[in-house]
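Here's the structure, in structure tokens; my notes come after.
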Amino acid sequence: MSWKDKTVLIAEDEDSNYLYLEAVLQKAGANVLWARSGQEAIEHCNKNPNIDLILMDLQMPNTNGYDAREIIKKKFPDIPQVAQTAFAMADDEKQALDAGFDDYISKPIRKNNLLYLVEQFLGSRE
């Protein structure tokens, strides 16, 4: 299976973080969409029914990742959503999972950790 037919929405307001994630995922063959806020993430989901995975930053302008997750999950319950945050505290992972995220990854995100995580939702790239 290749990721060439898979689409990942990256909800991330920091350009450098997005560009890193985009480079890793595109090199692995995935199609990538960018939302700079939770509100944009919601709009992308409404416009793109083919989104296979969402990497959701928790701290974003307008609509934060928690609120965006809830709105998206109500309308698109089958799209897995992974929380990502740079402000990793001891209970952040538990809080994100308790809020309904399908998984959690903390920044700085290492390439191999990202690929392993995404593979859990999109399947192997081979």
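The values are calculated or read from the model by the stated rules, or taken from the named source; none is laboratory data. All values derive from a computational prediction rather than experimental measurement. Here Cβ is always computed from backbone atoms with ideal geometry, including for glycine, and neighbour counts include all displayed protein chains.
What to note about this one:
- Some residue of segment 89-104 being hydrophobic (A, V, I, L, M, F, W, C), touching a Leu at 6+ places or on another chain (Cβ under 8 Å) and part of a loop (DSSP other than H, G, I, E, B): no
- Flag for Lys47 being among the basic types (Lys, Arg) and either farther than 22 Å from Trp3 by Cβ or in contact with a strand residue (DSSP E or B) (Cβ under 7 Å, 6 or more places away or on another chain) (or both): no
- Asn64 satisfies every condition listed in (1) surrounded by fewer than 12 Cβ atoms within 10 Å (Cβ to Cβ); (2) more than 22 Å from Val24 (Cβ to Cβ) except (1).
- Annotation: of all residues in segment 47-91 being charged (D, E, K, R) and closer than 21 Å to Asn113 by Cβ, the one that is farthest from the chain's Cα centre (by Cα) is Asp91.
- Looking at Ala28, Ala41, just one residue is at pLDDT 95 or above, of a type in the set (Gly, Ala, Ser) and closer than 25 Å to Asp5 by Cβ, and that residue is Ala41.
- Annotation: Ile109 fulfils all but one of (1) more than 11 Å from the chain's Cα centre (by Cα); (2) not in a loop (DSSP other than H, G, I, E, B); the unmet one is (2).
- Candidates are the residues of segment 1-33 that are among the charged types (D, E, K, R) and within 21 Å of Ser124 (Cα to Cα); the one that is nearest to the chain's Cα centre (by Cα) is Glu22.
- Test result for Glu12, of a type in the set (Asp, Glu) and closer than 20 Å to Val118 by Cβ: yes
- In the set (1) charged (D, E, K, R); (2) outside any helix (DSSP H, G or I); (3) under 15 Å from Leu114 (Cβ atoms), Glu22 fails one condition alone, (2).
- Search result, residues across segment 25-44 that are in contact (Cβ under 8 Å) with a residue 60 or more places away in the chain and part of a helix (DSSP H, G or I): Leu25
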